[in-house]
Amino acid sequence: GESVGLHLPTLSVQEGDNSIINCAYSNSASDYFIWYKQESGKGPQFIIDIRSNMDKRQGQRVTVLLNKTVKHLSLQIAATQPGDSAVYFCAENAGEGKLIFGQGTELSVKP
Amino acid sequence: ETGVTQTPRHLVMGMTNKKSLKCEQHLGHNAMYWYKQSAKKPLELMFVYNFKEQTENNSVPSRFSPECPNSSHLFLHLHTLQPEDSALYLCASSLDRDGLSGANVLTFGAGSRLTVL
């Protein structure tokens, strides 16, 4: 069945280092993927998205990479800051408003 | 603030109580959603409304009853819940249910933390 999962539940990085958060998906027909960030006490916040006809998209300090061959998605955060500490979710568009979310990776940034 | 407001932020209820969660969005969106977020689990889609019509019920027990009186408001009525229903309930909205991408993304509220005793 359809599923979206993350490889690691937690990730700890040093402030200033780059972070890479990974995600695997199973539905090869998915055409749209999103990364959300959820800080403590808040709802998920949109970070960046990518359509399946692209393999890379860059935002401000964030880059999403899509490898359709192995059905893998990653989020790269450059120069990680304490404010980046949060849980990061990938999501896959299943159509008709249905997003399938992964379990989330908790990113901790050490000063 | 995201433009999606949920109340109450925290709710404690007994198994025989009846309560409601409210969601309001000021973004001019036409689609609204309820998600359940339990510890150690991915977000689970519960209901989807598009232009006030329910288009998705993801096998949710009948003790959860959604209501969408207009495109700006969404309620989740709760009745005879179980302790395992304790979770964070997230409301979201998007411009339209279909064609999620680009400017048409899900915007979430901060959630209502529900504890069932």
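Only the coordinates and a few stated rules stand behind these numbers; no lab work does. Remember, predicted model here, so these are calculated numbers, not experimental data. FYI the Cβ positions are ideal-geometry reconstructions off the backbone, even for glycines, and counts take in every protein chain you see.
Brief remarks follow.
- Dimensions (Å) - the stretch A:24-111, Cα atoms, principal axes, largest first: 40, 24, 19
- Judged by a Cβ-Cβ distance under 4.7 Å, the unpaired cysteines of the protein assembly as shown are B:Cys68.
- Global geometry of the stretch B:1-99, whether rounded, prolate or oblate, following the gyration tensor of its Cα atoms and the 1.5 cut on a/c: prolate
- Peptide A:91-102 is shielded by partner chain Cβ atoms: per residue, an average of 6 of them sit within 10 Å of its Cβ.
- Label-to-label distance, B:Leu27 versus A:Phe46, with points set 7 angstrom from Cα along the beta-carbon direction: 0.6 nm.
- Farthest toward positive dipole pole in the stretch B:20-117 [+1 Lys/Arg, -1 Asp/Glu at C-beta], among B:Pro69, B:Asn57, B:Gln37: B:Gln37
- Gyration tensor verdict on the protein assembly as shown (Cα atoms; rounded if a/c is under 1.5, prolate if a/b is larger than b/c, oblate otherwise): prolate
- Computed about the Cα centre, the dipole magnitude for the protein assembly as shown is approximately 320 debye when only Lys and Arg (+1) and Asp and Glu (-1) carry charge, each at its Cβ.
- Sorted largest first, the spans of the alpha carbon positions of the stretch B:49-101 along the three principal axes are 36, 23, 18 Å.
- Once the Cβ-Cβ distance of B:His79 and A:Thr10 is raised to the sixth power relative to R0 = 41 Å, the FRET efficiency obtained is 0.65.
- Residues in the stretch B:84-114 reached by a label modelled at B:Val12 [backbone nitrogen below 20 Å; 7 Å Cα→Cβ]: B:84-89, B:111-114
- Distance between the modelled labels on A:Asn67 and B:Asn57, one decimal in nanometres: 4.3 nm (7 Å Cα→Cβ projection).
- Cα gyration tensor shape of the stretch B:23-66, rounded if a/c is under 1.5, else prolate or oblate by comparing a/b with b/c: oblate
- Taking each residue as 0.36 nm, the span from B:Asp98 to B:Leu117 lengthens on full extension beyond its C-alpha to C-alpha distance by 3.1 nm.
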